Amino acid sequence: MGGPSQQPETRSLLRVFLTGASSGIGAALARHYAAQGAVLGLAARRADALAELAATLPGTTACYPLDVADAKALAAAAADFISRFGAPDIVIANAGVSAGTLTEHAEDLAVFRAIMETNVYGMAATFAPFIGPMQAAGGEGRRLVGIASVAGIRGLPGAEAYSASKAAAIVYLESLRLEMRASGIRVVTIAPGYIETPMTAVNPYRMPFLLPADAAAPRFATAIARGTSYVVIPWQMGLVAKLLRVLPNWLYDRLFVNAPRKPRC
């Protein structure tokens, strides 16, 4: 466990720990922060893809092949990162999975559980081993960042597990934000709209305001640096999100009952 680079003196550098780093939004954020000279801790399930990405990045990178549903593995990764580089300035819980699910299909229950374990439990398991050390090092200026989704604002047909997991993530992050307030650690909730990633590549429908991951990453980083409590990116989807929140159920149901579905696994 650990990365390709030897440990330099890094106290003056931004330290970022990031899950779901091997592709999509995670890889784009890794490239963005590496270009800024940050020390990176990158976690993902696919060791080969993680190593390939790390080999392309400048600066100091430590790689942690793991599943975010494994709290013990995350705790070990956190301990290693902190022992080498100190408490991180930013922890980004980005790991997420998605699939179409329908409750009437018994076989989808296992998929439902896996999505909830990764997208909700995995987020808490990512933050848990870092909070104490971040507080002890002085919380002011530090960030816990959760990647949610506009899919968590209203339930989408055919995406019962994914919408539920992202709604839970949004509310969890809100609770965490209140808990962290006294320590100075800011909790940032980012709800992406459609971002061009392997996850969205399987969607068999038009995706409005689709944004390339490498174009989204700097916008995410700006929100993180500002300590924005909640933001939808791109901004156009933010307007859509506000509209969805206020639609009465009868109108929402009429508009979305026949919306296209994400494919089931």
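If you scan region 58-80, which residues turn out to be under 14 Å from Ala128 (Cα atoms) and buried (at least 21 other Cβ atoms within 10 Å of the Cβ)?
At the first step, the residues of region 58-80 found to be under 14 Å from Ala128 (Cα atoms) are 68-79.
Once the filter is applied, which keeps residues that are under 14 Å from Ala128 (Cα atoms) and buried (at least 21 other Cβ atoms within 10 Å of the Cβ), region 58-80 yields Val68, Leu74, Ala77, Ala78.
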Does region 142-170 hold any residues that are surrounded by 24 or more Cβ atoms within 10 Å (Cβ to Cβ) and in a strand (DSSP E or B), and which are they? Leu144, Val145, Gly146, Ile147
Please find, within region 4-27, the residue that is modelled with the lowest pLDDT out of those that are surrounded by fewer than 23 Cβ atoms within 10 Å (Cβ to Cβ) and of a type in the set (Gly, Ala, Ser). Ser5
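Restricting attention to region 244-253, which residues are surrounded by 11 or more Cβ atoms within 10 Å (Cβ to Cβ) and without any contact (Cβ under 8 Å) to a residue 12 or more places away in the chain? Full working, then the answer.
We begin by selecting, within region 244-253, every residue surrounded by 11 or more Cβ atoms within 10 Å (Cβ to Cβ); these are 244, 247, 252-253.
Answer for region 244-253, where residues must be surrounded by 11 or more Cβ atoms within 10 Å (Cβ to Cβ) and without any contact (Cβ under 8 Å) to a residue 12 or more places away in the chain: just Asp253.
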Taking the conditions exactly as written (at pLDDT 95 or above and closer than 27 Å to Thr200 by Cβ), does Ala93 satisfy them or not? yes
May I ask you to list the residues in region 15-65 that are under 20 Å from Ile224 (Cα atoms), in a strand (DSSP E or B) and within 18 Å of the chain's Cα centre (by Cα)? Arg15, Val16, Phe17, Leu18, Thr19, Leu40, Gly41, Leu42, Ala43
Quick one: Thr189 ticks every box in (1) in contact with a helix residue (DSSP H, G or I) (Cβ under 7 Å, 6 or more places away or on another chain); (2) farther than 20 Å from His32 by Cβ; (3) not hydrophobic (A, V, I, L, M, F, W, C); (4) not in a helix (DSSP H, G or I) except a single one, so which number is it? (2)
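Return a yes/no flag: does region 101-121 have any residue that is over 20 Å from Ile190 (Cα atoms), assigned to a strand (DSSP E or B) and not aliphatic (A, V, I, L, M). Spell out the reasoning first.
At the first step, the residues of region 101-121 found to be over 20 Å from Ile190 (Cα atoms) are 101-114.
With assigned to a strand (DSSP E or B) added as a condition, the list becomes 101.
Checking the rest, the ones that are also not aliphatic (A, V, I, L, M) come to 101.
Among the residues of region 101-121, at least one is over 20 Å from Ile190 (Cα atoms), assigned to a strand (DSSP E or B) and not aliphatic (A, V, I, L, M), which makes the answer yes.
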Name the pairs: first residue in region 98-110 and over 13 Å from Lys262 (Cα atoms) and surrounded by 12 or more Cβ atoms within 10 Å (Cβ to Cβ), second residue β-branched (Val, Ile, Thr) and at pLDDT 85 or above, Cβ to Cβ under 7 Å, at least 6 apart or on different chains? Asp108/Thr101
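The values are calculated or read from the model by the stated rules, or taken from the named source; none is laboratory data. Every value quoted in this text rests on a predicted model; they were computed, and no experiment measured them. FYI the Cβ positions are ideal-geometry reconstructions off the backbone, even for glycines, and counts take in every protein chain you see.
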